[in-house]
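**Q** Dumping the structure here so I can ask a few things about it.
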Amino acid sequence: MNYAQILTCDMANGPGMRVSLFVSGCTHHCRGCFNEVAWPFDYGEKFDRETENRLLETVKPSYYQGMTLLGGEPFEPVNQKGLISFLRRYKEEYPDKDLWAFTGYIYDQDLVPGGRAFTDVTDEMLSYVDVLVDGPFMEDRKDITLLYKGSSNQRTIDMKQTRQEGKIIFWNPGDVSMSKMTHL
């Protein structure tokens, strides 16, 4: 797996200060995509153990609230296989930091058994995700006023609550208390 970019001071792709990993490779090819350069799977740099270690060291300080996965497409089947061991390490080392993921796939259609992006590691990968923003970017539904997403068809799913209740529960930005927010 390759990655296109790493942002180490990101406040646009989830609450608080974040480290964001933009993986390479996406088959959605959404019209108006903000990161078309990351569509090819061979774009960017190799995602290797050294990169994993650098990410884990970067997110260590207490002022980081968590990490975000974007793309490209983190839930492309080949990218799931490339990310799973890293996500295990991340959650083991930082159980109190959150993990956000953005996907053009639709959670309850594509990332479930029988879905077009479901693999043998999808359930485990989703178990590490705290908030999932799902759905393809739709240029005709673009809305710059939306928090943490680009078009009105996309959903911001609270994955912990969704797993607990067995139905989709949307993330509520009011759930982020000031005590959870990190300060520089």
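**Q** Nothing charged except the Cβ atoms of Lys and Arg (+1) and of Asp and Glu (-1): what's the magnitude of the dipole of the chain about its Cα centre? Round to the nearest 20 debye.
**A** Dipole size: approximately 240 debye.
**Q** Another question, then. Assuming R0 = 30 Å, what is the FRET efficiency of Lys142 and Arg54, from their Cβ-Cβ distance, to the nearest 0.05?
**A** For Lys142 and Arg54, the calculated efficiency is 0.35.
**Q** Please calculate how many Å² of accessible area segment 32-133 carries per residue, with a 1.4 Å probe and no DNA, RNA or ligand atoms counted. All intermediate terms of the calculation are to be shown ahead of the outcome.
**A** Working: 4580 Å² over 102 residues.
About 45 Å² of surface per residue is accessible.
**Q** From the helices alone, meaning DSSP H stretches of at least four residues, give me the mean residue ellipticity at 222 nm for the chain, per-run term -39500 (n - 2.57), in deg cm²/dmol to the nearest 500.
**A** -7000 deg cm²/dmol
**Q** Something else: With every protein chain kept in the model, how would you rank Phe47, Phe41, Phe170 by accessible area, 1.4 Å probe, largest at the top?
**A** From most exposed to least exposed: Phe170, Phe41, Phe47.
**Q** Using the alpha-carbon centroid of each, what span in Å lies between segment 118-145 and segment 10-51?
**A** Each part reduced to its Cα centre gives a spacing of 13 Å.
**Q** Then there is this: Considering only protein heavy atoms and a probe of 1.4 Å, how much of the accessible area of segment 68-184 is carbon and sulfur, as a whole percent?
**A** Answer for segment 68-184: carbon and sulfur cover 52 percent of the accessible area.
**Q** Could you check what % of the DSSP bridge pairs in the chain are antiparallel, to the nearest 5? Could the numbers behind the result be given before it?
**A** Working: 13 of 26 bridges.
Rounded to the nearest five, the antiparallel share is 50 percent.
**Q** Right, something else. So, in nm, how far is label Ser62 from label Glu45 when the simple model puts each one 7 Å beyond its Cα toward the Cβ?
**A** 2.9 nm
**Q** List the lysines whose Cα sits under 30 Å from the Cα of Lys91, skipping any in the same chain fewer than 8 residues away.
**A** The qualifying lysines are Lys46, Lys60, Lys81, Lys149, Lys160, Lys167, Lys180.
**Q** Under 12 Å from the Cβ of Arg88, count the other residues' Cβ atoms, weight Lys and Arg +1, Asp and Glu -1, and hand me the total.
**A** Overall, the nearby charge balance is -2.
**Q** Who wins for biggest fluctuation among Asn35, Asn13, Asn79 in a Gaussian network model of the chain, springs between alpha carbons below 10 Å?
**A** Asn35
The values are calculated or read from the model by the stated rules, or taken from the named source; none is laboratory data. Keep in mind it's a predicted model, so treat the numbers as computed, not measured. So basically every Cβ, Gly included, is an ideal-geometry build from the backbone, and we count neighbours across all protein chains shown. SASA here: full protein model, heavy atoms, side chains in, ligands and nucleic acids out. Shrake-Rupley method; radii C 1.70, N 1.55, O 1.52, S 1.80 Å.
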